[in-house]
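The values are calculated or read from the model by the stated rules, or taken from the named source; none is laboratory data. Here the structure is a predicted model, which means the values were calculated and not measured. Glycine also receives a Cβ, built like all others from the backbone with ideal geometry; neighbour counts cover every protein chain displayed. Surface accessibility is based on the protein's heavy atoms, side chains included, excluding ligands, DNA and RNA. Shrake-Rupley method; radii C 1.70, N 1.55, O 1.52, S 1.80 Å.
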Amino acid sequence: MTPAATQHTTALSCAGAAGSSASIALPRVSIVTPSFNQGAFVERTVRSVLEQGYPCLEYIVMDGGSTDGTLERLEPYRNHFAHFESRPDGGQSAAVAAGLDHATGDLMAYLNSDDVLLPGTLSFVAQFFTENPDVACIYSHRCIIDANDRVIGHWILPSHSNYLMERWDFIPQETCFWRRALFEDAGNLDPSFAFAMDYDLFVRYMRRGRFKRVNRFLAAFRVHEDAKTTRQMATIGRQEIARVRSKYGLRTMPGGGKLLSLLVRLQSGIYNRLRRRIGGLPPGKGFFLDTVWRRDLDHVTNSDQTRRMSQ
């Protein structure tokens, strides 16, 4: 049985969000999470956003009428959502587009209901955009996790190149944040895409604003049996990627995608072998994300205790 459609909107104010001693207002960050029958993972996604502790967050959750226990898992967090809907929709792209239409933030993003943000991401993003007014959109290296939140791989990406990223779909969507001005100038997600909607969006955005790959991990991309990327890449994925290239007149060099993929794998291998440190995650792989969150919580708790003792 499909649950009755529900909708909930909460007014959000960021006035004084940074505290009475703050001299600079924090940017409001709007994040949209589309969800449909992802009960096994959606709570981890939601907690990764809410437990950022970012005081000027606008979190929008658009559920497609889940019947697998998703709504029960979301219920404890409903009061923290700026907007929530649960009803049949036109699919993931339509849900994200509708959510972004509700967004009022200075900075915007969407996070799928099986991916997660990493600790400190929203504070980093807000500070980066504040300090770099010429940058319209950022993304990071990719962290890959399994169904149990264990880190199993990475994409260590080269510095941003419009030429490369327009032609090959290598921008990790879950790590991408952009300014509202770019959204208003270049438009929303195209709901006619079922797979390559982020690729189409980013190619359009690259032609209107400056992109930057930051040297950090901002989020984690989950690989599991039911993931759409795993199931559809060889079929509708390739078709829609070709459609984007045709739409924007993008000609690719034969073998160029393989060379870029080889570069990413080589850099990732060096990163793991040398156990290099990049912000957002400990070096290496094989560890679980809960250890990263515990360390972050310990750091925040110890900082608060030190501050209180010094007062």
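So the values come out like this:
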item: Cross-chain or 6+ apart pairs with Cβ under 7 Å, segment 49-74 first and in a loop (DSSP other than H, G, I, E, B), then open to solvent by 20 Å² or more (accessible area, probe 1.4 Å) and of a type in the set (Gly, Ala, Ser); result: TYR54/SER123; PRO55/ALA17; PRO55/ALA18; CYS56/ALA17
item: Hits in segment 99-119 (condition: in contact with an Asp or Glu (Cβ under 7 Å, 6 or more places away or on another chain) and of a type in the set (A, V, I, L, M, F, W, C)); result: ALA103, LEU111
item: Selected residue [in a helix (DSSP H, G or I), within 19 Å of GLY65 (Cα to Cα), within 17 Å of the chain's Cα centre (by Cα) and not aromatic (Phe, Trp, Tyr)] from ALA126, ALA98; result: ALA98
item: Some residue of segment 120-133 being out of contact with any Asp or Glu (no Cβ under 6 Å at 6 or more places or on another chain), farther than 19 Å from GLY280 by Cβ and not aromatic (Phe, Trp, Tyr); result: yes
item: Hey, ASP146 in contact with a strand residue (DSSP E or B) (Cβ under 8 Å, 6 or more places away or on another chain), of a type in the set (D, E, K, R) and more than 29 Å from LYS247 (Cβ to Cβ) or not; result: yes
item: Residue list for segment 256-285, filter: open to solvent by 40 Å² or more (accessible area, probe 1.4 Å) and outside any helix (DSSP H, G or I); result: ARG275, ARG276, ARG277, LYS285
item: Pick from segment 45-95, criterion farther than 19 Å from PHE193 by Cβ, among the acidic types (Asp, Glu) and open to solvent by 40 Å² or more (accessible area, probe 1.4 Å), ranking: nearest to the chain's Cα centre (by Cα); result: GLU51
